[in-house]
Each structure stands twice: as C-alpha cells, then as structure tokens.
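Novice: Below you'll find the structure I mean.
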Amino acid sequence: MTHSTNTAVSVDTAKDVSSQCWSCGSMRAEHFCGACGRVQPPKPADYFEFFGLPPKLNLNVAALEKDFYELSRKLHPDLNARADSREQEWSLQQSSLLNDAYRTLKDPVRRTQYLLRLEGVELEEQSKSATEQARGTGEVKKQIVPPELLEEVFELNMQLEELRMQKKMGEDDPALLEEIGKQKLELEEKHDQLLQELQSYWKDWDSLVDREQSGAAVQAAERKQSLDKMVDVLNRRNYIRNLVRDVSEALEN
Ligand SMILES: [Zn+2]
C-alpha cells in the first residue's frame, strides 16, 4: 500500500475537501465538525490515518496522547447524549476506533507489528494457521532458534531437563537453580536489547516514507529489506520471550 496522499497534519485541522459536516453542511470535517461539534461518520482509515499521521515509526507519543485525550472528550458517546441516533452510533464507532488506534500506536512493539501487518507481513508468532495447527495437535509450535542463541538454548534445555528430573525425584540442587536463574536474567536483558535494536531500524523505514511522500520512487526491494530487518528482530524477541516463559514455568512447577 502507498501512503503518498498522507500528510502530517494534526487531527484538529485535518481536512478532506470531499467531506462536509452532515449536520451543518458548511464545515469540512474529520472526526467531528469544527463548527457545530457533531460527530461525523467514521471513514475507512488505518490507525495512523485516524490520527492524521504518516505511517512512520518514530512518533511523538506525548503529542499522540494529547490528541487521544482531546478526541476522547469530543467523540465520547455519553458527552453528547446524542439526539440523533446515527450520531450516537458514529460516536460509539469512532470512540472504539480511537481506543484501538491509541493502544496500538503508543506501544513501540505493537506499533511496529501493526505497521508490518499493514504492509502485508506476518510474523511467525502471528501466523494464525500455524498457531491453530499447533493447538489442534497439542504440539509445541516449532520456532527457529536465533543463530546467536543456539548454544545457550541447547545448554538451557539440558538444564531444564535436569531440573525436571530432579523435581520428579524430589531432589533439590541450589546450584542448578542458580545457574538457570542467571540464564533467565541474561535472556531478559537480551529481550530488552532487542527492543533497542528494533527502534534503531525505525529511521530507515521512516526515511523511505518521507521519500515516498515527497514523490520519490522507492524500490520494492528496498522496502522489503527495511521491513525484513524489523521482522527478524521481532521474531527473535518473541522467541526469547517464549523461552523466558518456559523457564519461569519450569522453575515454578
Ligand atoms: Zn457541523
């Protein structure tokens, strides 16, 4: 998809020449009319568009929050106890869209995942069929071990296996527990580092969007390369998160 018609404008001043207020007719309006304040019917928009933002990953979360609260107030269904039932309905729809959009965009990982989905990319984790298949057979879904973790994961799995055996036998090995706890801590650190790595790729993507919006051509391969880097980080990050969860479970059981 292209976002070449997007411009970065604040929600209050976002204008669309084709839309006029359904009630007073005179004002151009986005979510609500600037003149009479009536809520307007929702237009098909992705979450970025909803906030009048270009699909860029570095975004001003403070400004987003401010827009969110302002829109929340103006779109709130209760506020208006709308005489017009259509407006009541639009108000509900817009409020729910607003909440979803805000929740998704304010979070760095959700924002990135959302953008990837908009771009037609599916993460391993989000592949629905794979998840359902795994659930159906009761199998643990196989994930690709990030190469840099091969050794660690191998080691850790051996230790977890040992731990399970010991627990079965009613034995207690503080040294093993300590070792596993240490590895878990390292994995958690790595998990945090991967968020930083992810964020370091945002500017590449954002500059592609800027170029596109300025009318320059962006090659599909270049786009894909930028997206692939983020997918790779997210997949590795999900892998580690699942691993940490497995370790926690093994320690608790
Ligand atoms: Zn109006």
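Novice: For segment 241-253, which residues satisfy the criterion of being under 15 Å from residue 160 (Cβ atoms) and either in contact with a Ser or Thr (Cβ under 6 Å, 6 or more places away or on another chain) or in a helix (DSSP H, G or I) (or both)?
Specialist: 242, 243, 244, 245, 246, 247, 248, 249, 250, 251, 252
Novice: Consider residue 15 carefully, then state whether it is within 16 Å of the ligand (Cβ to nearest atom), open to solvent by 70 Å² or more (accessible area, probe 1.4 Å) and either assigned to a helix (DSSP H, G or I) or at pLDDT 95 or above (or both).
Specialist: No.
Novice: Only residues that are over 11 Å from residue 229 (Cα atoms) and free of Cβ contacts under 8 Å to residues at least 12 places away in the same chain: list them for segment 189-217, please.
Specialist: Matches in segment 189-217: 189, 192, 193, 196, 207, 211, 214, 216, 217.
Novice: State whether the residues of segment 203-211 include one that is surrounded by 11 or more Cβ atoms within 10 Å (Cβ to Cβ), small (Gly, Ala, Ser) and in a helix (DSSP H, G or I).
Specialist: Yes, segment 203-211 contains at least one residue that is surrounded by 11 or more Cβ atoms within 10 Å (Cβ to Cβ), small (Gly, Ala, Ser) and in a helix (DSSP H, G or I).
Novice: Just to be sure, is residue 65 acidic (Asp, Glu), modelled with pLDDT of 90 or more, away from the ligand (no atom under 16 Å from the Cβ) and under 30 Å from residue 241 (Cα atoms)?
Specialist: yes
Novice: Okay, next question. Determine, yes or no, whether residue 86 is in contact (Cβ under 8 Å) with a residue 40 or more places away in the chain, among the basic types (Lys, Arg) and out of contact with any helix residue (DSSP H, G or I) (no Cβ under 8 Å at 6 or more places or on another chain).
Specialist: yes
Novice: Scan (1) outside any helix (DSSP H, G or I); (2) within 28 Å of residue 120 (Cβ to Cβ); (3) within 16 Å of the ligand (Cβ to nearest atom) for the single condition residue 58 breaks and write down its number.
Specialist: If we test residue 58 against (1) outside any helix (DSSP H, G or I); (2) within 28 Å of residue 120 (Cβ to Cβ); (3) within 16 Å of the ligand (Cβ to nearest atom), just (3) comes out false.
Novice: Write out, first by first residue and then by second, each pair whose Cβ atoms fall under 8 Å of each other, whose residues are 6+ apart or on separate chains, and whose first residue, in segment 97-121, is among the acidic types (Asp, Glu) while the second is open to solvent by less than 50 Å² (accessible area, probe 1.4 Å) and modelled with pLDDT of 95 or more.
Specialist: Partner pairs satisfying both residue conditions: 100/47; 119/227.
The values are calculated or read from the model by the stated rules, or taken from the named source; none is laboratory data. These numbers were taken from a predicted model, which means no experiment stands behind them. Neighbour counts are summed over all protein chains in view; Cβ atoms, including those assigned to glycine, are modelled from backbone coordinates with ideal geometry. Just so you know, the surface numbers come from the protein's heavy atoms only, side chains and all, with ligands and any DNA or RNA stripped out. Shrake-Rupley method; radii C 1.70, N 1.55, O 1.52, S 1.80 Å.
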